[in-house]
Amino acid sequence: MLEKKLGILSYLLIISLIMIFCDSRISAKSLKEAPMLSKLVATGKLPPLKERLPDNPAVVNPLEKIGTYGGTLTYMHFWPGAETTKMLFNDPPITLTPDYTKIVPNLFENTGDYSGDGLTLTWRLRKGTRWSDGMPYTTADIMWWWDNMVNDESCKSPTNPFFYIGADPTTGTPAKLLELSAPDDYTLVMKLPAPNYIANTVWASGFWEFQETNMIPSHYLKQFHPKFNNDFKDCKKLLEIKNKWFFDPKYPVLGPWVTVEEVPGKKLVFERNPYYWKVDTAGNQLPYIDRVESLLVPDQQVRTLMTVNGEVDVTIRELDPRDRGLILESLNKCDCRILNWSTGAGSNPLMYINGTYVGNTKGMSELLRNVQFKRGLSHAINRDRILNTVWSGLGETTNADMVLASFIFDMQDSKAAKSIWQQWNDSYKEYNVNIANNLLDKAGLDQRDKDNFRTFPDGSPLKINILVTAWEFEEVNASSAALIAEDWAAVGIRTITTSATGDAYFNFAKNSKWEVFLTQSGAFGEWLFPSHIFEPLDDSKAMPLVGKWWKSGGESGQPPRPGSYEESLIKFYQQSVKEPNPIKRGKLLAKAVRVHIDEGPFKLGLVANQPALATARNNIRNIPDWGITAPWTPGAPGSAQPQLWYFEGN
């Protein structure tokens with residue numbers, strides 16, 4: 001299996017060399033535009049193409065060949081917020097290459113330049129970039145957001161986590177908001193309160209890190225700000241408009257398509273952005289496709305049937321991988337192909353074990369931190385049964401939380417990455433009832449009640465509540481929980497199962513009164529979203545109260561125990577972000593993983609890396625035949641350059 005993955009990664013490297021952004025400039029004479037825009041130019045309704053593009057547009061290589069203009073792409077989303085379609089349109093300042101091995105410029109001309117001391121991070125915008133309504137996009141937009149939303153208490157708007165730097169609750173140092181300035185219209189300077197060499201990676205992530213946070217058309221939003229319009233007494237309308245950016249046809253954007261219609265509860269309609277800032281290597285302004293219609297289809301079975309019937313052109317995250325057989329039988333009917341995309345799931349499902357339990361059961365807090373107890377639980381689980389029963393054999397068993405490709409991205413050393421990943425993947429994974437029973441006995445659970453279930457040392461009943469969460473595959477979690485309950489019963493662990501969805505799940509996770517819970521892990525890129533290896537940084541995972549302590553700067557929550565595994569993980573994180581050399585930073589990451597292996601587990605991986613069920617109609621070209629869907633942090637399918645997709649034979 002490992003050799004197969006390495007072969008895939010080699011193939012991906014070739015793809016990235018084909019599709020990577022070019023450094024070459026396109027001459028004005030070679031520039032071309034879509035026929036629907038040429039008509040608007042001819043009638044004087046739109047400026048000439050040269051005036052609509054930046055001085056140095058981003059140049060991208062098509063995967064297969066130069067495409068043709070036209071057509072309407074039919075897509076689907078299954079949540080009212082259209083999050084999966086936002087991922088299709090995801091087009092941040094910097095982006096990952098299609099093989100997920102490095103970060104390259106995108107909307108911005110660079111990936112962030114650090115000063116020698118690591119305290120200054122400088123960005124360069126593309127001169128001449130314009131919003132979809134033709135107004136200039138400059139650092140003035142970012143600074144307006146900074147001055148009138150981030151730093152205006154009356155109009156407070158959330159900002160990116162990486163804008164807060166230098167938190168060190170161990171010394172009582174709170175996180176500080178970095179300083180932002182713009183010496184000119186196209187230079188953005190961040191002054192960091194402490195060195196942080198992963199701060200420049202976060203903008204390469206999903207839509208929530210830029211489009212939903214920093215993409216601020218000041219010329220449009222100014223009219224809703226009470227400082228600039230006396231008709232408004234507060235910022236409710238401003239924030240409402242900002243939060244509806246994807247649904248509002250009047251809201252200027254920077255992406256390849258702009259909203260032209262929302263039919264509530266049914267669909268969203270988009271048309272090409274006439275001021276889009278990317279061209280192909282022949283000078284054709286992108287995107288190739290004229291329109292996108294995204295249909296709201298909440299029901300999984302309906303989405304599958306629509307795909308079978310050829311009613312949608314592309315699916316990436318919309319189908320259940322377990323329906324692969326049905327799609328294979330219907331390829332002629334749908335006139336489509338299955339793309340060899342992977343979920344890339346670190347584990348689906350993944351079980352968190354609460355390391356900061358504050359519930360009412362006496363003795364539970366220490367038991368959940370007992371390494372022999374946790375290893376015993378892990379060895380008691382028949383992962384092969386979950387793989388074959390729940391996933392019909394799709395994927396592979398694991399006890400890790402991230403796939404190999406993520407380790408290669410984070411460590412920039414494939415040999416070292418493969419070694420430490422394999423060790424974590426295999427740790428405590430063997431299904432062995434005898435080992436499990438011995439470990440549970442050593443954990444102090446060698447007494448049993450009349451029903452042969454284990455008790456606490458004082459004879460009081462022991463019962464583990466398995467919390468089942470609803471994410472993308474609630475049924476997977478529920479079915480897996482039932483199998484795990486049977487496995488644990490076989491070694492004398494009594495369980496009950498409860499469920500939580502939506503906000504209730506996050507609130508439940510953060511209150512730290514649970515024992516274990518099942519969810520999905522789509523972890524990719526620890527430097528993009530530190531919390532899967534550096535577990536104590538998050539307040540909704542395996543150490544929620546330490547995460548709360550970290551996020552609050554020590555004002556609330558629970559500090560790490562002296563000499564504990566959580567303290568070690570925090571120290572490795574603090575060392576990592578101060579390390580400018582990516583290889584050395586990767587070695588620190590490996591040391592953090594060793595904490596998981598030597599002092600863990602803190603969570604139980606189960607089944608990982610299931611093949612995704614992504615499809616495309618046969619006449620849609622330039623779509624990579626490989627990508628990752630379960631982790632949202634790499635920004636796919638936006639990072640797969642949908643601006644280059646086109647309809648063959650148009």
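The values are calculated or read from the model by the stated rules, or taken from the named source; none is laboratory data. Quick caveat: nothing in here was measured; it's all calculated off a predicted structure. No Cβ is skipped: glycine too gets one built from the backbone with ideal geometry, and neighbour counts run over all protein chains shown. Heads up: the accessible areas ignore ligands, DNA and RNA and are worked out on the full protein's heavy atoms, side chains in. Shrake-Rupley method; radii C 1.70, N 1.55, O 1.52, S 1.80 Å.
Just a few scattered comments:
- Rounded accessible area of S499 (nearest 10 Å², 1.4 Å probe): 80 Å²
- Correct choice for semi-axes √(5λ) of the Cα gyration tensor in Å that was computed from the model, options (1) 43, 29, 23; (2) 48, 33, 24; (3) 37, 27, 26: (1)
- Protein heavy-atom surface of the chain, 1.4 angstrom probe: 51% of the accessible area is carbon and sulfur, with nucleic acids and ligands not counted.
- Solvent-accessible area per residue for the chain (1.4 angstrom probe, square angstrom): 38 Å²
- Average silhouette area of the stretch 385-544, convex hull of alpha-carbon atoms, in square nanometres: 10.8 nm²
- Filter on K222/K278; K418/K584; K463/K541 - keep pairs with C-alpha separation over 19 Å: K222/K278; K463/K541
- When the convex hull of its Cα atoms is viewed from all sides, the stretch 487-546 shows a mean projected area of 5.3 nm².
- Cα-based radius of gyration of the stretch 332-450 once divided by 2.2 N^0.38 Å, which approximates compact folds: 1.38
- Net +/- balance of residues flanking D487 in space, Cβ distance below 10 Å, scoring K and R +1, D and E -1: +1
- The stretch 66-126 and the stretch 274-290 have Cα centres lying 15 Å from one another.
- Loop trypsin sites (Lys or Arg not before Pro), the stretch 431-489, which have at most 11 other Cβ atoms in a 10 Å radius of their Cβ (DSSP): K450
- Normalising the Debye intensity of the stretch 559-606 to I(0), with uniform scatterers on Cα atoms only, and taking log10 at q = 0.28, 0.32 Å⁻¹ returns -1.02, -1.13.
- Remark: the stretch 411-493 carries a charge dipole of roughly 280 debye about the Cα centre, counting +1 on each Lys and Arg Cβ and -1 on each Asp and Glu Cβ.
- Rounded to the nearest 20, the Cβ-based charge dipole of the chain about its Cα centre (Lys and Arg +1, Asp and Glu -1) stands at 420 debye.
- Top positive-direction residue, dipole computed over the stretch 62-140 with Cβ charges, set L63, T120, T85: L63
- Near S521, once Lys and Arg are set to +1 and Asp and Glu to -1 for all other residues with Cβ below 9 Å from its Cβ, the sum equals 0.
- Amide H contacts of C336 (H built 1.01 Å from N, in plane; Pro and chain starts excluded): N618 sit under 5 Å, all sequence-distant by 5 or more or on other chains.
- Selected from Y565, G605, P544, residue furthest toward positive end of dipole (the stretch 511-650; charges at beta carbon): Y565
- Over the chain, DSSP H runs of length four or greater, each weighted -39,500 (n - 2.57), average out per residue to a 222 nm ellipticity of -8500 deg cm²/dmol.
- Count Lys and Arg as plus one, Asp and Glu as minus one, and take only other residues whose Cβ is under 14 Å from that of D451; the net charge is then +4.
- In the stretch 487-560, the GluC sites (Glu not before Pro) that fall in loop regions by DSSP, at most 15 other Cβ within 10 Å: E555
- Separation between Cα centres of the stretch 443-516 and the stretch 310-378, rounded to whole Å: 18 Å
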